[in-house]
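Asks: Have a look at the structure that comes next, please.
The values are calculated or read from the model by the stated rules, or taken from the named source; none is laboratory data. Just so it is clear, the model here is predicted, and its values are computed rather than measured. Every residue, glycine among them, receives a Cβ derived from its backbone with ideal geometry; neighbour counts consider all protein chains shown. Areas reflect the complete protein model, heavy atoms only, side chains present, ligands, DNA and RNA absent. Shrake-Rupley method; radii C 1.70, N 1.55, O 1.52, S 1.80 Å.
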Amino acid sequence: MTGDAFWTIVLVASLSAAVVGMLGFAASWLVRQRSLVWHLAILALVAVLAPLVGLIAVTRMMFFSGHDLAVATYVGIVAAVVTLGVAIGLGLAIGQWSGAVQRNVRQLGGDGELAPPSGAKEFRDLSTALHETRRELATSREREQLLDQSRRDLVSWVSHDLRTPLAGLRAMSEALEDGMAADPQRYLTQIRQDVDRMATMVDDLFELSRIHAGVLVPQRETVLLHDLVSEAIASLDPVARTRDVRVGGAVQDGICVSADPAALSRALSNLIMNAIRHTPPSGEVQVRAEQVEDGVVLSVADQCGGIAEHDMTQVFEVGWQGSSARTPDRDLGGRAGLGLAIVRGIVEAHDGVVGVENLESADGCRFLIRLPSSPEVAAV
């Protein structure tokens, strides 16, 4: 075969394949909205017809004999039938896999079971991703329901806790107006205490709303924990004395942390107040701070008698007060169960973790604040 004949055959075969390919592309566009089976069948036919049409064109130019063309045609027809059958079977299988994925997508927001992953790797990966999305949606839905229930409980509890002092304020103010108060000064003192208590509750609600809105941004600076703990104990010592509770502390010297001093002080004071509230007379509250490998740990231990296991996960929820009773503790300015929720929000805003554990002695529990180490503090 001469060089001219070779290049002629290559050119004719290329043009024939290009024409068949363009016709196949046009046919695929016409059935673009049909099943994938049609597209696979067209692809199979193009793969078989492209060389066959080129062979026919070359034969017409007398490069091959008619006998050779007949043999090639028979081979092409058999190959076309087999290839078309494989393409249709593969298309049906892909249709089944795709249908399973579609059904899983429809079931994402429902209660039905999702079909297990099957088929080619891409379809199995997609089904696996849908299963993971289903679990995430279920978790998110459960969390949303808990938050919604928490909001409803908060409104109910705060309404109850505000109604009691408001009723007392009305009764005492009416008694003062009518001149029926036997001891006006005592009434005035009680009114001031109730007003202070409601102001504290409103302040807690405002702080909690800032935490939930994600606008609580700590103004960090280097804080010496010894001073922070000492100030918190000193400010709450009068309250503890009225309840015959001792508050002590032990802080390693030189421990510093990068934090918002006002926010961290509030979190620590809330924990100490909570410990005083639940410690019986003649009991003791211990506040400690120590350096650990990955940061700093603040702990507040009380003698509350321990927390039930089923309450461990609810301690830092909004409205939790350790019992079903809603009677406010006037000595501690009853805070509607917001104190520990605020502690968690403040600690998490500092990239820390707060937790609680029962003491081995079984006479109390220990609240722990873990704050990460900071390069700035480490350099001090």
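Asks: So between LYS121 and GLU142, what do we pick up on full extension, going 0.36 nm a residue minus the alpha carbon distance? Before the final figure, lay out the partial values.
Replies: Working: separation 21, 0.36 × 21 = 7.56 nm, distance 3.14 nm.
Contour length minus the Cα-Cα distance gives 4.4 nm.
Asks: For segment 183-232, what class follows from the C-alpha gyration tensor (a ≥ b ≥ c being the square roots of its eigenvalues): rounded when a/c is under 1.5, otherwise prolate if a/b is larger than b/c, else oblate?
Replies: Numbers: a/c = 5.82, a/b = 1.65, b/c = 3.53.
Here segment 183-232 falls in the oblate category.
Asks: Gap in Å between the Cα centre of segment 169-202 and the Cα centre of segment 231-248?
Replies: Comparing the Cα centres of segment 231-248 and segment 169-202, I get a distance of 26 Å.
Asks: Please list VAL195, VAL223 from largest to smallest accessible area, probe radius 1.4 Å, with all protein chains kept in place. The partial results should precede the final answer.
Replies: Working: VAL195 70, VAL223 10 Å².
Listed by decreasing accessible area, they come as VAL195, VAL223.
Asks: Going by the alpha-carbon gyration tensor, a ≥ b ≥ c the square roots of its eigenvalues, is segment 161-262 rounded (a/c under 1.5) or, if a/c is not under 1.5, prolate (a/b greater than b/c) versus oblate? List each step's numbers first, then the result.
Replies: Numbers: a/c = 4.18, a/b = 1.81, b/c = 2.31.
Oblate shape, in that a/c is at least 1.5 and b/c is the bigger or equal ratio.
Asks: List, in order, the whole-Hz ³J(HN,Hα) value for each residue of segment 344-356 obtained from phi through the Karplus relation with A = 6.51, B = -1.76, C = 1.60 and θ = phi - 60°; use x for Gly and Pro.
Replies: Result, ordered by residue: 4, x, 5, 5, 5, 5, 8, 6, x, 9, 10, x, 9 Hz.
Asks: Could you work out how much longer the chain between ASP203 and GLN252 gets when fully extended? Use 0.36 nm per residue separation minus the Cα distance between them, nm to one decimal.
Replies: Numbers: separation 49, 0.36 × 49 = 17.64 nm, distance 3.26 nm.
Extending this stretch completely gives an extra 14.4 nm.
Asks: Let me ask something else. Taking the Cβ of VAL353 as the center, what net charge do the other residues with Cβ under 12 Å away carry, scoring Lys and Arg +1 and Asp and Glu -1? All intermediate terms of the calculation are to be shown ahead of the outcome.
Replies: Numbers: positive: ARG344, ARG370; negative: ASP294, GLU348, ASP351.
Summing Lys/Arg as +1 and Asp/Glu as -1 gives -1.
Asks: Just to confirm the filter: which GluC sites (Glu not before Pro) across segment 209-313 are DSSP coil and have at most 14 other Cβ within 10 angstrom of their Cβ?
Replies: On the way: sites: GLU221, GLU231, GLU284, GLU290, GLU293, GLU309; in loops: GLU293.
Answer in residue order: GLU293.
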